[in-house]
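Colleague: Structure below; questions to follow.
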Amino acid sequence: MGPLGYNGSKAAMEIISKADVVLALGTRLNPFSTLPGYGIDYWPKEAKIIQVDFNSDRIGLAKKISIGICGDAKLVAQQILSQLSSTAGDSGREDRKALIHQTKSAWLQTLTSLDHEEDDEGTTWNKDSRERDPDRMSPRMAWRAIQVGLPEDAIISSDIGNNCAIGNAYPTFEQGRKYLAPGLFGPCGYGFPSVLGAKIGCPNTPVVGFSGDGAFGISMSEMTSCSREEWPNITMVIFRNYQWGAEKRNTTLWYDNNFIGTELDPKLSYAKIAEACGFKGVKVTTQSELTEALKASCVDQMNGITTFIEVILNQELGEPFRRDAMKAPVEVAGINSKDTVVQ
Ligand SMILES: Cc1ncc(C[n+]2csc(CCOP(=O)(O)OP(=O)(O)O)c2C)c(N)n1
Ligand SMILES: [Mg+2]
């Protein structure tokens with residue numbers, strides 16, 4: 001069904017909202033992964049929640065639960081299954097399957113038709129961004145191109161940032177341990193080192209890391225070491241929107257379309273830095289260029305080539321991280337505008 005929570009799958013949200021019982025197998029049920037999305041507060045408050053986690057401290061921490069089981073998810077699942085009769089769950093199974101199928105295809109269809117981000121009332125940042133750079137791809141256009149170019153068995157890592165987060169609902173995985181995410185610590189700079197680690201662990205699997213241009217700047221010093229002989233080859237996609245977008249999203253929303261300290265250097269070229277470090281550096285501006293560069297880079301990984309793909313985007317910004325947890329600021333200190341200096 002795809003992930004719940006921040007920029008997750010609307011289909012998963014609609015389905016879980018109908019649940020009588022939720023078996024949360026090996027999950028912290030952390031706030032980011034369960035917060036309301038698309039205006040739907042989907043968490044089934046009346047349902048019985050069975051939470052299974054290896055760490056007892058996490059059980060019942062974020063959500064009210066009915067039953068907590070401390071244990072290894074696989075072993076607990078095997079033990080639960082062994083206690084069930086062979087016909088358990090058969091009643092209404094076909095109807096449930098049909099509902100899941102229908103809900104999922106409706107959502108996938110919606111997702112392919114989404115191109116742009118909405119503005120909140122009183123803000124115009126996204127509209128202005130589209131008008132300022134009408135020829136540039138939006139983040140969602142880039143994610144659709146990525147969907148097409150990503151090999152089926154790839155491991156991906158995602159950084160903290162607005163463009164990475166918009167992508168949460170796009171890639172799908174047929175196996176576990178394919179999606180590395182920074183989790184609740186949320187450190188910018190996670191995408192690049194984590195995908196290097198994934199490739200060391202799985203040398204024959206294509207790996208693709210994703211970072212925003214701000215977050216990538218935090219981790220880019222690794223570029224000076226990882227072209228040495230003994231390092232594995234990876235693909236790194238850098239979303240170039242010339243801003244600390246996630247921070248700008250919060251400020252435009254809660255400070256009347258205003259922002260400060262979020263601009264990045266437009267003259268910097270990550271593709272050129274990659275070349276200077278001995279890698280392949282590619283700058284792409286269209287969906288087909290992105291899809292092709294991604295496909296080629298995954299083949300190249302097996303031939304000793306690491307590629308950094310700099311994707312030029314417009315400056316549209318999606319949902320803020322925690323709309324549910326933040327409010328408009330209130331005046332406390334009474335700052336006088338005469339005390340500030342016009343920049
Ligand atoms: C180490 C660290 N510093 C600061 C932050 C706060 N932070 C979260 S998202 C973000 C902006 C990310 O910008 P960018 O990587 O360019 O991605 P974009 O939002 O533009 O897609 C910042 C500064 C953080 N999460 N981690
Ligand atoms: Mg950015």
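Readers should treat all values here as calculations from the given coordinates under stated rules, not as data from a laboratory. This one's a predicted model, so the numbers in the text were calculated from it and none came from an experiment. Glycine gets a Cβ as well: all are built from the backbone with ideal geometry, and neighbour counts include every protein chain shown.
Colleague: Based solely on C-alpha atoms, express the radius of gyration and the Dmax of the stretch 40-111 in angstrom.
Modeller: Using the Cα atoms of the stretch 40-111, the pair Rg, Dmax is 16.0, 40 Å.
Colleague: Rank 105, 91, 225 by mean-square fluctuation in a GNM of the chain with C-alpha springs under 10 angstrom and give only the top-ranked residue.
Modeller: 91
Colleague: Between the DSSP loop rule and a limit of at most 12 other Cβ atoms within 10 Å, which GluC sites (Glu not before Pro) in the stretch 1-99 are left?
Modeller: Passing sites in the stretch 1-99 are 46.
Colleague: From the phi angles alone, apply the Karplus equation (6.51, -1.76, 1.60; θ = phi - 60°) to the stretch 188-203 and give each ³J(HN,Hα) in whole Hz, x where the residue is Gly or Pro.
Modeller: Residue by residue, the stretch 188-203 yields 4, x, 7, x, 6, x, 5, 6, 5, x, 4, 6, 5, x, 10, x Hz.
Colleague: State the dimensionless ratio Rg/Rh of the stretch 118-325 (Rg: radius of gyration of Cα atoms; Rh: Kirkwood radius).
Modeller: Taking Rg over the Kirkwood Rh, I get 0.96.
Colleague: Right, something else. Quickly estimate the mean residue ellipticity at 222 nm for the chain, helices only: each DSSP H run with n ≥ 4 gives -39500 (n - 2.57), and the total goes over all residues, rounded to 500.
Modeller: -10000 deg cm²/dmol
Colleague: Loop sites only, by DSSP: take the trypsin sites (Lys or Arg not before Pro) in the chain that have at most 11 other C-beta atoms within 10 Å and name the longest stretch containing none of them.
Modeller: After excluding every exposed loop site, the longest remaining stretch is 65-176.
Colleague: Same structure, new question: How high is the relative contact order of the stretch 1-118, given as a whole-number percent (alpha carbon pairs under 8 Å, six or more residues apart)?
Modeller: Contact order relative to length: 24 percent.
Colleague: So, one more: Counting other beta carbons within 10 Å of each Cβ, put 306, 251 in order, fewest first.
Modeller: Going from least to most buried by this count: 251, 306.
Colleague: Then there is this: Quick check: the distance between the Cα centres of the stretch 93-150 and the stretch 285-343, to the nearest angstrom?
Modeller: Measuring centre to centre over Cα atoms gives 16 Å.
Colleague: Taking 25 °C and 0.890 mPa s as the conditions, I'd like the Stokes-Einstein D for the stretch 160-202 in µm²/s, using the Kirkwood hydrodynamic radius from alpha carbon pairs.
Modeller: This corresponds to a translational diffusion coefficient of 212 µm²/s.
Colleague: Return a whole-number percent for the relative contact order of the chain, with Cα pairs under 8 Å and 6 or more residues apart as the contact set.
Modeller: 17
Colleague: What's the lysine pair count for the stretch 55-106 at a Cα cut-off below 26 Å, pairs eight or more apart or interchain?
Modeller: Going through the stretch 55-106 pair by pair, I get 4.
Colleague: Calculate the FRET efficiency for residue 86 and residue 204 from the Cβ-Cβ distance with a Förster distance of 51 Å, rounded to the nearest 0.05.
Modeller: About 0.85, to the nearest 0.05.
Colleague: Let me ask something else about it. Given R₀ = 22 Å, what would the calculated FRET efficiency be for residue 96 paired with residue 25, taking r from the Cβ atoms and rounding to 0.05?
Modeller: 0.75
Colleague: What residues have an amide H closer than 5 Å to that of residue 30, excluding those fewer than 5 places away on the same chain, when H is modeled at 1.01 Å from N in the peptide plane?
Modeller: So residue 30 has HN proximity to no qualifying residue.
Colleague: Give, in nm to one decimal, the length gained when the segment between residue 292 and residue 229 is fully stretched (0.36 nm per residue of separation minus the Cα-Cα distance).
Modeller: 20.0 nm
Colleague: Whole-Å semi-axes of the stretch 129-193's equivalent ellipsoid, largest first, each the root of 5 times a Cα gyration tensor eigenvalue?
Modeller: 23, 17, 9
Colleague: Under the √(5λ) rule applied to the eigenvalues of the Cα gyration tensor, what semi-axes describe the equivalent ellipsoid of the stretch 61-172? Give them in Å, descending.
Modeller: Square roots of five times the eigenvalues give 39, 19, 17 Å.
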